[in-house]
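Structure record follows, encoded as structure tokens.
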Amino acid sequence: MADALLQVIAGGGVPQGPLVTDPWQFQAVCVEAFVASWRARGFSPVTIDNDIGLLERTLVALGRPAWEVTPEDIDRVVGDLAVKGRATSTRREYVQIFKGFHRFLQARKAAEIEAAFGVRLVCPVDEFNASRHVGDDSPALLPPPTPERVNEFFDFMKQRIATARKYGPAARDYALFRTLYHAGLRSEEASLLEKPDLHFTRGPFGKLHVRFGKGAHTSGPRPRWVPMLDGLDLVLRWFLEDVRGKFPDSPVLFADESGGPLHRGTIRNRLRYLMELEGRPPAERFSPHALRRACATHNYERGVDLVAIQQLLGHWTVSSTMRYVRPSATFIEDAYQRAVANTLAELTGKDTTA
């Protein structure tokens with residue numbers, strides 16, 4: 001019987017030698033690969049652009065390659081952000097983007113890093129420096145605007161449409177912020193809506209197809225259907241018929257004056273500008289995200305099922321939705337009065353709420 005011949009076949013289990021030995025150049029290659037993975041998972045271009053900037057700022061602040069970062073480096077960066085007065089959410093974003101990049105290195109580049117630089121990857125973010133999520137018990141989370149306050153703001157915007165120097169942007173802003181409130185959308189979700197995403201004949205109220213809903217645990221976009229409640233369908237029909245044609249032709253629903261989508265930072269700045277024009281004190285001003293929380297709270301207060309609100313907002317769990325719900329000071333009394341009225345109606349056969 002002929003002797004068996006052994007043959008060595010090249011494989012990728014153990015790297016034969018790093019393509020790049022300069023740590024900063026190698027890290028840049030890793031960042032490019034990390035960004036490519038976002039595109040492969042279907043993240044929107046706006047999300048990718050924002051996260052690239054955040055990751056680059058984080059790596060610059062850390063001052064050393066990601067595989068050499070220590071828990072003390074994380075403490076230093078987060079501490080510096082706190083000293084500069086950055087919000088808890090901003091500090092958490094720095095930590096989370098680094099954790100995501102480090103997980104990518106562990107999954108894709110660990111063997112190359114150990115062979116080239118002699119470092120075994122261990123994530124420096126631990127239980128002591130992981131930023132706490134802002135919950136219901138945090139004084140930093142202000143109550144959302146009341147229904148009365150929201151209605152006053154929209155009344156101001158309607159009056160402004162008639163007197164604004166540019167009708168198109170003023171009317172677009174009105175429709176945009178009505179959409180954020182009644183549909184409970186995030187700013188980025190609204191900015192990525194396109195005209196074909198409006199389905200006026202779907203369901204009893206019509207629906208928005210939110211194709212780029214935020215996913216949980218870096219899972220990528222999670223699309224959902226959102227009903228056009230509280231007359232939002234009428235607002236959006238008016239917007240398409242009378243307003244959208246004032247802007248350059250493009251698929252984008254809420255377009256800027258070049259026809260492109262509004263950036264979420266632009267949406268935030270527009271709302272701030274409008275409330276300054278309104279002349280209300282700073283304590284009565286709110287953010288675009290506060291309109292989303294107001295949507296959750298006001299629907300909950302009027303008896304909408306919590307699971308329905310969860311589906312409306314696109315949350316992964318009901319517990320996330322509960323963090324958005326901030327009932328008014330008289331919520332218990334109002335609920336008690338409704339319960340008593342309903343009980344009396346059942347006993348007497350009369351409608352006591354009429």
Among residues of the range 40-54, those that are within 17 Å of Leu105 (Cα to Cα) and in contact with a helix residue (DSSP H, G or I) (Cβ under 8 Å, 6 or more places away or on another chain), counted: 2
Does the range 62-81 hold any residues that are surrounded by fewer than 16 Cβ atoms within 10 Å (Cβ to Cβ) and charged (D, E, K, R), and which are they? Arg64, Glu68, Glu72, Asp75, Arg76, Asp80
Taking into account only those residues within the range 150-184 that are in contact with a helix residue (DSSP H, G or I) (Cβ under 6 Å, 6 or more places away or on another chain) and assigned to a loop (DSSP other than H, G, I, E, B), which is nearest to Phe239 (Cα to Cα)? Ala164
Here the residues within the range 38-61 that are at pLDDT 90 or above and either open to solvent by less than 30 Å² (accessible area, probe 1.4 Å) or hydroxyl-bearing (Ser, Thr, Tyr) (or both) are Gly53, Leu54, Leu55, Thr58, Leu59
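Please verify whether Pro204 is without any contact (Cβ under 8 Å) to a residue 24 or more places away in the chain, open to solvent by less than 60 Å² (accessible area, probe 1.4 Å), over 23 Å from Ile48 (Cβ atoms) and part of a loop (DSSP other than H, G, I, E, B), treating the condition exactly as stated. Outline the logic, then answer.
On the way: without any contact (Cβ under 8 Å) to a residue 24 or more places away in the chain: yes; open to solvent by less than 60 Å² (accessible area, probe 1.4 Å): no; over 23 Å from Ile48 (Cβ atoms): yes; part of a loop (DSSP other than H, G, I, E, B): yes.
So Pro204 does not fit the description; no.
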List, please: which pairs have Cβ atoms under 7 Å, are six or more places apart or on different chains, and start with a residue in the range 51-67 that is over 16 Å from Arg91 (Cβ atoms) and end with one that is among the polar types (S, T, N, Q) and open to solvent by 20 Å² or more (accessible area, probe 1.4 Å)? none
Condition check: at pLDDT below 90 and under 21 Å from the mean Cα position of the chain (by Cα). Does Arg222 satisfy that? yes
Lone unmet requirement of (1) part of a helix (DSSP H, G or I); (2) touching a helix residue (DSSP H, G or I) at 6+ places or on another chain (Cβ under 9 Å); (3) under 30 Å from Val35 (Cβ atoms) for His209: (1)
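The values are calculated or read from the model by the stated rules, or taken from the named source; none is laboratory data. For clarity, every value in this text was computed on a predicted model and none was experimentally measured. All Cβ positions, glycine included, derive from the backbone under ideal geometry; neighbour counts span all protein chains shown. With ligands, DNA and RNA removed, areas are computed over all heavy atoms of the protein, side chains included. Shrake-Rupley method; radii C 1.70, N 1.55, O 1.52, S 1.80 Å.
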